[in-house]
Structures are given as structure tokens and as C-alpha cells.
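Student: One structure, as C-alpha cells, below. Some questions next.
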Amino acid sequence: MWVARFRRGRGGPHDQRGPHGQVHISSTFGAHGWRTPFWLYATSLPLCLLTARYVWQPPQHAETGRKLPPLPWRTLLAPLGVTLIGGLVFYVLIVELSYVLTGLGVTSATTIPVAISAAVLTGLGDGLLLPSALTWTLNSLDFDQRGRGTGIWTSALFLGQFICPLVVLALSGALGGLPVALMIVGAVAVAVAVGTRLPHTAPLAQPRR
């Protein structure tokens, strides 16, 4: 999705169907052994060749010593905060789904359509959230700022993913179980979604060149 941002003539939201498709495929592969899904990482090899062939290189400037423009941190606080929470919610599905199904006594995914439907809905929401948050972040930045902005956004996303199991584990211990902890995480996600629509939240800016 980061690649699409810097393609010429492309400025819209990014597609997250690929990663969620890999989650579905890896779960299918997992039925054949816990090592089998790791073969999906081999798909990155042809992608490297395509990236080297089609991703354009920005023009090099001869000037040296030019200071980079500062980042508008106050503007970035909202999208980065949403990304942090989004990274946490994103990993809840990946990390906790198996425990939820085990707690429900499920031995096959086909035996509990309600839980699977909820997981699909969560994955769809994650797929819409992450590219939207990245677009929200980068649209408020000039081209010279977007490299640093992308790095900071990625850090916020991965930090949310890292703290996900720690937060869920702490909530489970304090509140008496995983289901209650997941309800709290869901409520926080809804509150953040509502908060982004309040008048004081900066709207999605038009792309800056």
C-alpha cells in the first residue's frame, strides 16, 4: 500500500485486500501444519522484482545542506492516534481468534458461522481502516515530508500491533476473561470511530503535491 502512494497519478486510498487474503489462505494452510503458512512469505520474492521494475525514483537534486521542512505534529496527532488503536484492533483478530473459537468449543471453522462472520466483518473493517488512516496522514503533508510521515505512521501501526496481546492479556486478567476484554477493545474502537467524526477532528485533507 505504501508503494501505491508514490506511483505517478495515484493519490487515492490503498487496497488492503491482499493482507487479509493472506490471513485467510494462511489459516487454510495451517490445517496442514503450523509451519506451512510461513511459505506465504515466498510471495515477496516476485514482488521485489515488480517493485524494482515499476516503482519510479524521485528526481535527485544537486543542492546539499537544505533543511527538511518540519512536520506538522499537531495535525498528525489525530491520524497517528487512530492508527495506534487501529493497529491494536487489527492484531486482535489475528492473535485472539483461535482462543475465542477454542473457548466456544469449536474444532472446525464451519461449525460456528456467527463467530466466523464476526471475524470477516472485523477483517473488512481493518482493511478499510488502515489505508484510510495512511491517506489521512499523508494528505496533510508535502512531498518532502511524506517519507518521514510514512515512517512515523508505520511505527504507530506496528506499536499498536506489538501492544495488542499485552493490552488484551492485562484486560483479561483485570476484568475476568477474554470475552470481556474483547468487548472493551471493541467499545474503544467504536468510541474512536465516533470521535473522528466530531467537529473538532480535522477532516480528511485534499492531497498536497
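Student: Tell me yes or no: at least one residue of the stretch 146-153 is in contact with a Lys or Arg (Cβ under 9 Å, 6 or more places away or on another chain) and at pLDDT 85 or above.
Tutor: Yes, that holds for at least one residue.
Student: Which of the residues that make up the stretch 148-184 are in contact (Cβ under 8 Å) with a residue 60 or more places away in the chain and among the aliphatic types (A, V, I, L, M)?
Tutor: Hits for the stretch 148-184 are I152, A156, L157, L159, I163, V167, V168, L178, L182.
Student: Would you mind finding the one in L157, L121, L88, L130 that is surrounded by fewer than 19 Cβ atoms within 10 Å (Cβ to Cβ) and either over 16 Å from the mean Cα position of the chain (by Cα) or within 25 Å of I184 (Cβ to Cβ) (or both)?
Tutor: Selected residue: L121, the only one of L157, L121, L88, L130 that is surrounded by fewer than 19 Cβ atoms within 10 Å (Cβ to Cβ) and either over 16 Å from the mean Cα position of the chain (by Cα) or within 25 Å of I184 (Cβ to Cβ) (or both).
Student: Same structure again: Which of (1) modelled with pLDDT under 85; (2) part of a helix (DSSP H, G or I); (3) more than 26 Å from L166 (Cβ to Cβ) does T107 not meet, given it meets every other one?
Tutor: (2)
Student: Where in the stretch 1-100 are there helices (runs of 4 or more DSSP H), lying wholly inside it, with at least 2 residues that are modelled with pLDDT of 80 or more and of a type outside the set (F, W, Y)?
Tutor: In the stretch 1-100, 44-54 are the helices (runs of 4 or more DSSP H) which contain 2 or more residues that are modelled with pLDDT of 80 or more and of a type outside the set (F, W, Y).
Student: Can you pull out every residue in the stretch 91-114 that is loosely packed, with under 15 Cβ neighbours inside 10 Å and within 23 Å of the chain's Cα centre (by Cα)?
Tutor: Within the stretch 91-114, V95, S98, Y99 meet the criteria.
Student: I would also like to ask the following. Under the condition of being in a helix (DSSP H, G or I) and among the polar types (S, T, N, Q), which residue from the stretch 140-154 is surrounded by the fewest Cβ atoms within 10 Å (Cβ to Cβ)?
Tutor: In this case the residue turns out to be T154.
Student: Which condition from (1) buried (at least 18 other Cβ atoms within 10 Å of the Cβ); (2) under 25 Å from G195 (Cα atoms) is the one that I163 breaks?
Tutor: (1)
The values are calculated or read from the model by the stated rules, or taken from the named source; none is laboratory data. What you are looking at is a predicted structure, and each value in this text was computed from that prediction instead of being measured. Methodologically, a virtual Cβ is constructed for each residue, glycine included, from the backbone with ideal geometry; neighbour enumeration extends over all protein chains shown.
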